[in-house]
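For reference, the structure discussed in these notes is given below.
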Amino acid sequence: MKRARLWLTLLLALGGLVVSIRDGHAAEPLPAPRGEVLLTVSGAIGRGNAQDSAGGLEARFDRAMLEQIGFTEVNTATPWHSGVMRFEGVLLRAVLGMVEARGNNLLASAHNEYSATLPASDAAHYNVILAMKLNGETMTFRDKGPLFIIYPFDSDKALQTDMTYIRSVWQLRRIDVR
């Protein structure tokens, strides 16, 4: 049975499809991005649409794929802005669910190589979003985009700490699930 699963995985991968075998069945791969990839999720995931250079499964998302998940709004003050700002983006937990993330920690990396580790449980307990819009405008590199991890800081005093601010990676490009 294991040999049959291995052959099935190999044949599908050679055919240009990236799938995972879980509980005896193949998970449907995510669609391939058509535009510029904004986010790559790798590591302990069960569903993706590409392979990394070492043969590991990755999930690559373009803007349209992320927008299709559905936007959530977070109105909050941050240490980097004056006053309360309106952020719109996708819930981090929704992205993790789509890729069937199985880790306890997330290593979030920015385009400038800054990285921070955040507990995956933060995505479950708080409405953490991958912000794509700031006050109705699409975020660019200049204003900490195109993706910015935003916690709902004003919703809970416990989130107004240096540790949480450190986890709020802007210019996000990659999440490695560990």
Taking the stretch 108-163 only, how many residues are among the polar types (S, T, N, Q), within 16 Å of residue 74 (Cα to Cα) and out of contact with any Lys or Arg (no Cβ under 7 Å at 6 or more places or on another chain)? 4
If you go through the stretch 59-76, how many residues are open to solvent by 30 Å² or more (accessible area, probe 1.4 Å), out of contact with any Ser or Thr (no Cβ under 9 Å at 6 or more places or on another chain), part of a strand (DSSP E or B) and under 24 Å from residue 107 (Cα atoms)? 2
Mind checking which pairs have a first residue in the stretch 39-62 that is touching a residue at least 12 places away in the same chain (Cβ under 8 Å) and a second that is open to solvent by 30 Å² or more (accessible area, probe 1.4 Å) and of a type in the set (Val, Ile, Thr), Cβ under 7 Å, 6 or more apart or different chains? 60/37; 61/37; 62/37
Quick one: how many residues across the stretch 95-135 are open to solvent by less than 30 Å² (accessible area, probe 1.4 Å) and either without any contact (Cβ under 8 Å) to a residue 12 or more places away in the chain or among the β-branched types (Val, Ile, Thr) (or both)? 4
Could you check residue 154 against (1) in contact (Cβ under 8 Å) with a residue 24 or more places away in the chain; (2) of a type outside the set (Ser, Thr, Tyr); (3) under 23 Å from residue 41 (Cα atoms); (4) open to solvent by 10 Å² or more (accessible area, probe 1.4 Å) and say which number it fails? (3)
Any chance the stretch 35-52 includes a residue that's more than 12 Å from the chain's Cα centre (by Cα), surrounded by fewer than 19 Cβ atoms within 10 Å (Cβ to Cβ), in a loop (DSSP other than H, G, I, E, B) and acidic (Asp, Glu)? yes
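A quick yes/no check of all residues on (1) part of a strand (DSSP E or B); (2) closer than 19 Å to residue 69 by Cβ:
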{"residue": "122", "(1), (2)": "no, yes"}
{"residue": "127", "(1), (2)": "no, yes"}
{"residue": "130", "(1), (2)": "yes, yes"}
{"residue": "133", "(1), (2)": "yes, yes"}
{"residue": "145", "(1), (2)": "no, yes"}
{"residue": "149", "(1), (2)": "yes, yes"}
{"residue": "166", "(1), (2)": "no, no"}
Looking only at the stretch 79-94, and only at residues there that are under 16 Å from residue 164 (Cα atoms) and touching a helix residue (DSSP H, G or I) at 6+ places or on another chain (Cβ under 6 Å), the one that is most open to solvent (accessible area, probe 1.4 Å): 79
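The values are calculated or read from the model by the stated rules, or taken from the named source; none is laboratory data. Quick caveat, the model's predicted, so the values are computed rather than measured. All Cβ positions, glycine included, derive from the backbone under ideal geometry; neighbour counts span all protein chains shown. Please note that ligands, DNA and RNA were not included when accessible areas were found on the heavy atoms of the full protein model with its side chains. Shrake-Rupley method; radii C 1.70, N 1.55, O 1.52, S 1.80 Å.
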